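Structure record follows, encoded as structure tokens.
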Amino acid sequence: MEIALSSRFKKSFRKLHSRIQKKAVEKSAIFKNDPFNFKLDTHKLHGEKKEEWAFSVDYSYRIVLVFLKDGNVVFTDIGTHDIYK
């Protein structure tokens with residue numbers, strides 16, 4: 001599985017504290033090996049974001065993503081629950 005990063009994700013990631021960035025990298029590695037690992041709490045979003053999924057970096061932070069038809073993934077954003085708005 002290839003993971004692409006959107007420009008929005010990259011911008012949001014750069015703004016995060018280095019501690020959160022490190023956790024995000026660790027969780028992304030878990031995601032790449034097993035997207036539905038119980039440690040990630042991967043879940044489908046609803047409403048306007050019904051085509052997107054998210055997984056937990058920690059209690060407050062999430063990575064939002066889209067599964068592509070070719071089996072690859074695009075990380076579209078990272079942040080607190082405010083990114084769902």
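Quick notes on this structure:
- The number of residues in the range 1-29 being in contact with a strand residue (DSSP E or B) (Cβ under 7 Å, 6 or more places away or on another chain) and among the β-branched types (Val, Ile, Thr) comes to 1.
- Number of the condition not met by Asp34 [criteria: (1) open to solvent by 50 Å² or more (accessible area, probe 1.4 Å); (2) touching a strand residue (DSSP E or B) at 6+ places or on another chain (Cβ under 6 Å); (3) among the acidic types (Asp, Glu)]: (2)
- Residue check, Lys39 in contact with a helix residue (DSSP H, G or I) (Cβ under 7 Å, 6 or more places away or on another chain), at pLDDT 95 or above and open to solvent by 70 Å² or more (accessible area, probe 1.4 Å): yes
- Within the range 1-24, the set of residues being open to solvent by 100 Å² or more (accessible area, probe 1.4 Å) and either on the phi > 0 side of the Ramachandran plot or assigned to a helix (DSSP H, G or I) (or both) comprises Arg8, Lys11, Arg14, Lys15, Arg19, Lys22.
- Matching residues in the range 25-81 - criterion: being among the charged types (D, E, K, R), assigned to a loop (DSSP other than H, G, I, E, B) and touching a Ser or Thr at 6+ places or on another chain (Cβ under 7 Å): Asp41, Glu52
The values are calculated or read from the model by the stated rules, or taken from the named source; none is laboratory data. These figures come from a predicted structure and were not determined experimentally. Virtual Cβ from ideal backbone geometry, glycine too; neighbours counted across all protein chains shown. Protein only, heavy atoms only, side chains kept; ligands, DNA and RNA dropped before computing areas. Shrake-Rupley method; radii C 1.70, N 1.55, O 1.52, S 1.80 Å.
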